[in-house]
Each structure stands twice: as C-alpha cells, then as structure tokens.
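S.K.: Just passing along the structure, written as structure tokens.
The values are calculated or read from the model by the stated rules, or taken from the named source; none is laboratory data. This is a predicted model, so every value here is computed, not measured. Cβ: placed from backbone, ideal geometry, glycine included. Neighbour counts: every protein chain shown.
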C-alpha cells in the first residue's frame, strides 16, 4: 500500500498544520466539552486522494477563511514536495513525530484526525 505525505523542502520534515479538534474529537482524546488546539501531520491513504485534495485546494484557493490557506501559499511558493511512501517507510517517519501526536488522514472535506499511535496500530506491511 502506498501513502502520501507532504515534506517541507528546506527543513526536510513532514508537513504539519495547526488545527483545532472538534468537540467530538476532543472528547475522544480526553478533553471533555472543549475544543483543543493540536498540530497534525498530513497523510493520504492513496495517491488518488492526494490528487483529489489538490483539486479541492484549487477550488478553494481564493477563500480567505480556508484552513488550508497557509498550505496553498506554501505550494505556490514551491516550499513543499509530495512523497509516496510504503507503509513501512511511513511508520518509520511517523515514529519521529509521536510527540506531535496527531495525523490528519485524507485532508479535505472528509478528513479524519487520529493520534499517531492509533493510526499506526492497524498498519500491515
């Protein structure tokens, strides 16, 4: 299985975004009745989903309230690269980000936020 991530060109680290967990997500991760700010690494479960996300970004690029505005600017400035990784390669990369805590799985309209450990526990490679 192939996964896709974004990598910052200069730093070489995986692209992550500050975001706020919904009340439901916060409840699932132990913060009852409040929203919680986190930083999440972007992960797509198939290359086609990344291509769909790029189309979504194109359609929302002029929306000044888009939560992905910073990413759009970084992509236009050619500051990020897309990487295709095997499950084993992704597991190895994410191990270095466990303190970060979260992944944003298939960013876009149907995205999910999971703890890195939760995301990795179902990996088969």
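S.K.: Test residue 125 against the stated conditions and say whether it is in a loop (DSSP other than H, G, I, E, B), at pLDDT below 90, touching a strand residue (DSSP E or B) at 6+ places or on another chain (Cβ under 7 Å) and surrounded by 13 or more Cβ atoms within 10 Å (Cβ to Cβ).
M.R.: no
S.K.: Restricting the search to region 87-99, which residues are closer than 21 Å to residue 53 by Cβ and buried (at least 16 other Cβ atoms within 10 Å of the Cβ)?
M.R.: Matches in region 87-99: 90, 93, 94, 97.
S.K.: Among the candidates 13, 34, 48, 24, which residue alone is without any contact (Cβ under 8 Å) to a residue 40 or more places away in the chain and within 15 Å of residue 116 (Cβ to Cβ)?
M.R.: Result: 13 is the single residue among 13, 34, 48, 24 that is without any contact (Cβ under 8 Å) to a residue 40 or more places away in the chain and within 15 Å of residue 116 (Cβ to Cβ).
S.K.: Kindly evaluate residue 11 against the criterion of being in contact with a strand residue (DSSP E or B) (Cβ under 8 Å, 6 or more places away or on another chain) and either at negative phi or not in a strand (DSSP E or B) (or both).
M.R.: no
Listed here are the residues, each with its yes/no results for (1) surrounded by 13 or more Cβ atoms within 10 Å (Cβ to Cβ); (2) in contact with a helix residue (DSSP H, G or I) (Cβ under 9 Å, 6 or more places away or on another chain); (3) modelled with pLDDT under 90.
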| position | (1), (2), (3) |
| --- | --- |
| 16 | yes, no, no |
| 36 | yes, yes, yes |
| 42 | yes, yes, no |
| 74 | yes, no, yes |
| 101 | yes, yes, yes |
| 121 | no, no, yes |
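S.K.: Looking at region 80-120, which of its residues are touching a residue at least 60 places away in the same chain (Cβ under 8 Å), within 19 Å of residue 56 (Cα to Cα) and not in a strand (DSSP E or B)?
M.R.: 106, 107 - these are the residues of region 80-120 that are touching a residue at least 60 places away in the same chain (Cβ under 8 Å), within 19 Å of residue 56 (Cα to Cα) and not in a strand (DSSP E or B).
S.K.: Additional query: Output the residues belonging to region 36-50 that are more than 14 Å from the chain's Cα centre (by Cα) and closer than 15 Å to residue 82 by Cβ.
M.R.: Of everything in region 36-50, just one residue is more than 14 Å from the chain's Cα centre (by Cα) and closer than 15 Å to residue 82 by Cβ, namely 48.
S.K.: Ok, one more. With the condition kept exactly as written, say whether any residue in region 48-71 is touching a helix residue (DSSP H, G or I) at 6+ places or on another chain (Cβ under 9 Å), closer than 25 Å to residue 122 by Cα, at pLDDT 85 or above and crowded, with 16+ Cβ neighbours inside 10 Å.
M.R.: The answer is no; no qualifying residue exists.
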